[in-house]
Each structure stands twice: as structure tokens, then as C-alpha cells.
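The next block holds one structure in the form of C-alpha cells; read it before the comments.
A short reminder: the numbers here are calculations on the coordinates, not readings from a lab. Keep in mind that this is a model prediction, so the values were computed, not measured. When we count neighbours, we look across all protein chains shown, and the Cβ atoms used for this are built from the backbone with ideal geometry, even at glycine.
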There are 2 protein chains.
Amino acid sequence: MSDINKNPQEQSLLDAVNWNDQGLVPVIAQEESSGDVLMMAWMNREALLETIRLGEAVYWTRSRQKLWHKGEESGHTQKVKEIRLDCDGDTILLMVEQKDGIACHTGEHSCFFKQWDSAKATWVDQSISKE
Amino acid sequence: MSDINKNPQEQSLLDAVNWNDQGLVPVIAQEESSGDVLMMAWMNREALLETIRLGEAVYWTRSRQKLWHKGEESGHTQKVKEIRLDCDGDTILLMVEQKDGIACHTGEHSCFFKQWDSAKATWVDQSISKE
């Protein structure tokens, strides 16, 4: 991060977060209009700064080890309406406006489309394609 | 976990989850009635099994390295209404009924009471005690 010039405001933004030992924080994206939890992803400091600068969610992909401007390929960007931090600073909650209402790479509205059915003791896929 | 007898149904529950290299998965608790995201915590396999058995949220505290039946001391238990899993199996979403409407150890409804104010470039504490 030494190659990024941070102003005092950006420093204030970053300092409140308890970054884990990989320099990451988990981020929950919730759709403002519906209240639906859409997905969970990770940010590093640069991703959070980029999110503020762009006004759209920018995550850090652990698998590809790079910044990931959500929707950069699919078009399913997330306009950030609010950024919240939890009591101990180790989780961020983004309130977003989800472009096209599709957050998941599978084409689903939310990534949380599997539900545990305790009666059948099995995970039930509730994605649209399975309905 | 070798000391716990798991039946096939429990195995099916556990096998769908992509546990991280510490054997943990992040868990988002969302209040079913309001849609509010209350908190984020972690579970290991035993915590998830205990959650199913009790019907109340049981997490794994990384700081105390033990099972944590949420509300065991405060009384602010979380009755589990739904258990959802995301597309790649690495995050759980619990839909809960929050006893007394208080999820945070600070006495707040939700742990996410700090909000970034971009105009002032500062985190604003929106907890009840500050209103």
C-alpha cells in the first residue's frame, strides 16, 4: 500500500477496520431495496479505497489475488449506498443497489440459494433453474 | 471431531460446506422479521451440528477458542428459522428470531451501527446511546 497516496480521510476510513492477518476483511453485500443478503466477499485496503472512489463495490479475490470490480465482466455492478462497520471493526456491511438484481455468478439474485431442509436432512437448491 | 458420532444426515450437512483451512466458515445472522443483518461470526463443524440440534445459533469464538451458544450469558439467543449456504459453500446465512431484538454485546440491535459518512469522511456511531 506504500505506493498509494492516502489522504487523512482515507486513513481514517482504513484505520477503523480490524484487518485480518492477510490484510483482509469480510464484506457482506445487502440489497437496500429488498433487504436480501446477496453475497459475502473480501476486501483489502485498496479495494475499500477503490469502492469509496468509484461508488461501486470493489472486492479482493483471494483465488485470483487481484482487485475485482464486481460486475466488470458481467455488468452486474453494485452501487454502494451505505458502508457500515460492526462493533469490533472486523466485518463490513455494504448496502447496495444491485444492477439487474443479479449478484451471483450463477445468474441468481443472491448467492444464498441453497437451504437446509431439516425434515429431509438435505440441502435444497432453490435457484430459479431448479424451480 | 472424531469423538462425535455423526449420522449420514449430519455428514450431508457438513460435507456441503467449504470449511477454511482452520475448519471454520463465516456465518451471517439476519433477523427474519426485519431483514436486518445482525452480526457475523464463525462456526466450526461442531458448532453447526450443535446449531441444528439446539435450533439456536451456536458459534465458535476464535478469541476464546470454544463453542459459544449465543446468548448463553446475556439471554439474547437466536432461534434459527432457516440455514442457507452460498453458491460456493463458503458462507452460511442464518435467518433468525433474535431474542429481545438485541444481537450485539454492546446492547445494540445490530452490530453494524457504525456508518461511513462520506461527506464528513468519518465513521459515525449510530448506536442508541449516541443518538
field: Directionally averaged shadow of region B:1-105, computed from the convex hull of its alpha-carbon atoms, nm²
entry: 6.8
field: Cα-based reach from A:K70 at 17 Å (exclusive), listing lysines while leaving out same-chain residues under 8 positions away
entry: A:K79, A:K81, A:K99
task: Measure nothing but the geometry: give the 0 to 90° angle between the long axis through the Cα atoms of A:45-54 and the longest principal axis through the Cα atoms of chain A, rounded to 10°.
output: 80
statement: B:V96 neighbourhood, Cβ < 11 Å, K/R = +1, D/E = -1, net charge -2
Anchor B:K66: aspartates and glutamates whose Cα lies under 14 Å away (excluding residues fewer than 8 positions away in-chain): B:E46, B:E50
- request: Using the 7 Å Cα-to-Cβ label point, sort the distances from A:E97 to its equivalents in the other copies shortest first and give them in nm to one decimal.
  value: 3.6
task: Pick out which of B:A16, B:A119, B:A29 has the largest mean-square fluctuation in a Gaussian network model of chain B, springs linking Cα atoms closer than 10 Å.
output: B:A119
query: Remind me, relative contact order of chain B in percent, using alpha carbon pairs under 8 angstrom and six or more residues apart?
result: 21
- request: Ignore the peptide's own chain and count Cβ atoms of other chains within 10 Å of each Cβ in B:107-117; give me the average, rounded.
  value: 5
query: Inter-copy label distances at A:E73, 7 Å along the Cα→beta-carbon direction, one decimal in nm, shortest first?
result: 4.6
message: Suppose we consider the axis relating copy A to copy B; can you name the residue of A with the nearest Cβ and state that distance in angstrom as an integer?
response: A:G35, 2
- prompt: In deg cm²/dmol and to the nearest 500, what is the mean residue ellipticity at 222 nm of the protein assembly as shown if only DSSP H runs of at least 4 residues count, each as -39500 (n - 2.57), divided by the residue total?
  reply: -4000 deg cm²/dmol
query: At B:A16, with labels set 7 Å past Cα in the Cβ direction, how many nm apart are the copies from this one, shortest first?
result: 3.6
